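Peer 1: There's a structure below that I have some questions on.
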Amino acid sequence: MPLKVLMFGWELPPFNSGGLGVACYGLTKALSQQDVDITFVLPQKQNVEADFMRLVFADLPKFAWPSVSSAFSPYSTQYLTPRQIKLAPGTSPSDLVDAVQRYAAAAADLAKKLDYDVIHAHDWLCFPAGVAAAAVSHKPLVTHVHATEFDRSGGASVNSLVYGLERQGLSSSTAVIAVSNFTKNLLTKFYSTPGSKISVVHNGINANDFTSPGTIDDSLRPLKEAGFKVVSYIGRITLQKGPDYFLKTAKLVLRYNPKVVFMIVGSGDMEKQVIEEAVHLGISDHILFAGFLRGEQLRQAYRSSDLFIMPSVSEPFGITALESVAAGTPAIISKQSGVSEALTHVLKADFWDVEEMANQVLSVVSHPSLHKLLRQNGSAEVKKVSWQSAAAKTIGVYQKVLGGSK
């Protein structure tokens with residue numbers, strides 16, 4: 001008999017505003033390939049395709065689906081205390097936490113009707129749903145932490161409401177999955193979660209999705225033919241991701257090598273601020289803003305880049321680093337990231353050490369042999385950081401909470 005899991009999520013591609021939906025999709029697909037029967041619950045009906053699992057929708061009143069510009073997002077909690085958000089036409093205003101609690105109420109009703117062995121809830125938006133389902137079913141709850149409120153806020157202006165929901169979910173669960181040791185340490189330090197309760201399961205990637213041959217972005221072709229190197233930042237433009245440190249690094253690099261352009265791919269609450277800062281630093285003519293990309297356009301962005309930088313202030317994992325390396329683009333990653341535990345054939349620096357990052361950029365773009373070495377070794381290494389491996393470890397957590405009976 002396959003192990004049956006009732007899983008609560010908030011988003012799946014293509015209706016995702018960041019890495020949470022990508023991680024849920026990759027993990028569930030790999031779990032299904034290892035004989036796990038998954039019922040995946042989303043708060044609203046959306047046209048998502050995931051034929052490897054059963055999709056159930058809580059059918060909450062329509063709200064603005066999470067997007068990089070939406071307040072109704074798992075990534076912008078430091079700005080929601082508790083402010084009203086804009087809902088779809090014909091509905092009344094509500095706040096984010098209220099919607100989360102309505103999801104929890106719907107989850108309790110669904111939990112009475114469905115068949116499953118264990119409950120799995122992803123991040124703070126879904127923790128109350130998981131807790132409610134566990135309360136009515138008395139089945140073990142596994143909470144999966146992809147990011148904490150300390151990551152999203154950069155350690156400042158922690159949202160007390162969200163923090164409270166996180167603590168409740170962690171304390172009510174039978175087991176906790178953290179995406180890195182970096183995250184595990186935050187949970188033990190700030191949430192008093194016993195280390196013995198936490199299993200570290202690194203995120204993964206389907207490397208073949210990014211290694212397939214393809215063209216570069218046509219809009220960048222003239223620059224590359226003119227001898228310019230392209231250094232990219234790909235991610236949400238928000239405090240946690242360190243886009244301001246990317247600009248400071250760019251400023252230092254351009255002092256020594258003007259044949260470099262810096263591309264920012266993504267959107268977020270700091271977008272206007274970053275544009276203004278590029279002007280203030282006098283480097284706006286070397287900064288390209290590509291906006292939010294997905295699918296083949298995103299893959300082209302990686303392939304078109306000579307180097308990728310992830311200067312995150314606090315990064316629980318960092319799937320974009322895996323995507324970059326899988327695409328054959330060398331990476332510089334923040335030491336304050338979980339993915340730094342999984343990759344060795346990358347360059348690493350403290351997010352605040354822009355001088356070191358600038359030196360690393362100059363080295364990679366100036367020395368083809370270093371670029372080639374990072375590309376070849378990184379491409380081989382990233383194949384081992386797979387969703388299949390993450391799924392196997394997750395199944396181990398399920399078996400542990402079920403007492404090895406499954």
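Peer 1: Just want to confirm a number: the relative contact order over segment 89-239, from Cα pairs under 8 angstrom separated by 6+ residues, in percent.
Peer 2: Values: 175 pairs, mean separation 25.6, N = 151.
Relative contact order of segment 89-239: 17 percent.
Peer 1: Then there's this: Restricting to Cα pairs below 8 Å that are 6+ residues apart, what does the relative contact order work out to for segment 208-382? Please round to a whole percent.
Peer 2: Numbers: 308 pairs, mean separation 43.0, N = 175.
The normalised contact order for segment 208-382 reaches 25 percent.
Peer 1: Take the Cβ-Cβ distance between residue 356 and residue 281 as r, set R0 to 22 Å, and report the resulting FRET efficiency rounded to the nearest 0.05.
Peer 2: Numbers: r = 19 Å, r/R0 = 0.84.
Once the sixth-power term is evaluated, E becomes 0.75.
Peer 1: Which of these, 160, 232, 334, has the largest mean-square fluctuation under a Gaussian network model of the chain (Cα springs below 10 Å)?
Peer 2: Sorting by GNM fluctuation, first place goes to 160.
Peer 1: What distance in nm lies between label points placed 7 Å from Cα along the C-beta direction at residue 47 and residue 34?
Peer 2: Going by the 7 Å Cα→Cβ label model, 3.4 nm.
Peer 1: Mind telling me which of 353, 151, 269 comes out most flexible in a GNM of the chain, alpha-carbon contacts under 10 Å?
Peer 2: 353
Peer 1: Which residue, 183, 320, 344, tops the fluctuation ranking in a GNM of the chain built on C-alpha contacts under 10 Å?
Peer 2: Top of the fluctuation ranking is 344.
Peer 1: Something else about it: Could you check the spin-label model distance between residue 272 and residue 113? Points 7 Å from the Cα along Cα→Cβ, value in nm.
Peer 2: 4.3
Peer 1: Pulled fully out, how much extra length does the chain show between residue 181 and residue 135, if you take 0.36 nm times their separation in residues and subtract their Cα-Cα distance? List each step's numbers first, then the result.
Peer 2: On the way: separation 46, 0.36 × 46 = 16.56 nm, distance 2.91 nm.
Length gained between residue 181 and residue 135: 13.6 nm.
Peer 1: Can you say what percent of the DSSP beta bridges in the chain, counting only those with both residues inside, are antiparallel? Round to 5.
Peer 2: On the way: 3 of 48 bridges.
Around 5 percent of the beta bridges assigned by DSSP in the chain are antiparallel ones.
Peer 1: Which net charge results when you count Lys and Arg as +1 and Asp and Glu as -1 among the other residues whose beta-carbon is under 13 Å from that of residue 282? Walk me through the numbers before you get to the answer.
Peer 2: Values: positive: 248, 251, 255; negative: 276, 277, 285.
Its environment carries a net charge of 0.
Peer 1: What net charge do the residues around residue 190 carry, taking every other residue with its C-beta under 12 Å from that of residue 190, with Lys and Arg at +1 and Asp and Glu at -1? Could the numbers behind the result be given before it?
Peer 2: Numbers: positive: 167, 184, 189; negative: 149, 151, 166.
Its environment carries a net charge of 0.
Peer 1: Would you mind checking the tilt of helix 96-111 against the longest principal axis of the Cα atoms of the chain, expressed as 0 to 90 degrees and rounded to 10?
Peer 2: Roughly 50 degrees, rounded to the nearest 10.
Peer 1: Quick one: if the Förster radius is 22 Å, what FRET efficiency do residue 289 and residue 257 give, using the C-beta to C-beta distance and rounding to 0.05?
Peer 2: Numbers: r = 21 Å, r/R0 = 0.95.
That gives a FRET efficiency of 0.55.
Peer 1: Next question. Can you sort 389, 173 by how many other beta carbons sit within 10 Å, fewest first? Before the final figure, lay out the partial values.
Peer 2: On the way: 389 15, 173 24.
So the ranking, lowest neighbour count to highest, is 389, 173.
Peer 1: Another one. Counting only residues 5 or more places away or on other chains, whose amide H sits under 5 Å from the amide H of residue 3 once H atoms are built in the peptide plane?
Peer 2: Residues meeting the amide H criterion: 37.
Peer 1: State the answer as a single residue: which of 222, 373, 162 lies farthest towards the positive end of the charge dipole of the chain, with beta carbon charges of +1 for Lys and Arg and -1 for Asp and Glu, about the Cα centre.
Peer 2: 373
Peer 1: If we count every other residue with Cβ under 14 angstrom of residue 149's Cβ, Lys/Arg +1 and Asp/Glu -1, where does the sum land? Intermediate results must be reported in sequence, preceding the final value.
Peer 2: On the way: positive: 152, 167, 189; negative: 123, 151, 166.
After counting each charged neighbour, the total is 0.
Peer 1: Let me ask another. When only Cα pairs under 8 Å and 6 or more residues apart are kept, what is the percent relative contact order across the chain? It would help to have the intermediate numbers written out before the result.
Peer 2: Numbers: 802 pairs, mean separation 61.6, N = 406.
Relative contact order, the chain: 15 percent.
Peer 1: Moving to a separate point now. Run the simple label-point estimate for residue 366 and residue 296 please: 7 Å along Cα→C-beta, distance reported in nm.
Peer 2: In this crude spin-label approximation the distance works out to 3.9 nm.
Peer 1: Okay, moving on. Hey, got the dipole for segment 194-276? About the Cα centre, +1 on K and R Cβ, -1 on D and E Cβ, debye to the nearest 20?
Peer 2: 360
Peer 1: Given Cβ point charges of +1 (Lys, Arg) and -1 (Asp, Glu) and nothing else, what value in debye, to the nearest 20, does the dipole of the chain about its Cα centre take? Don't skip to the end; give the middle numbers.
Peer 2: Numbers: 38 positive and 35 negative charges, 107 e Å.
Using Cβ point charges on Lys, Arg, Asp and Glu, the chain gives about 520 debye.
Peer 1: Hey, if you put +1 on the Cβ of every Lys and Arg and -1 on every Asp and Glu Cβ in the chain, which of 312, 200, 352 ends up farthest toward the positive end of that dipole?
Peer 2: About the Cα centre, the residue reaching furthest to the positive side is 200.
We did not get these values from a lab; they are worked out from the coordinates using the rules stated. Just so it is clear, the structure is predicted and the values come from calculations on it, not from any experiment. Glycine gets a Cβ as well: all are built from the backbone with ideal geometry, and neighbour counts include every protein chain shown.
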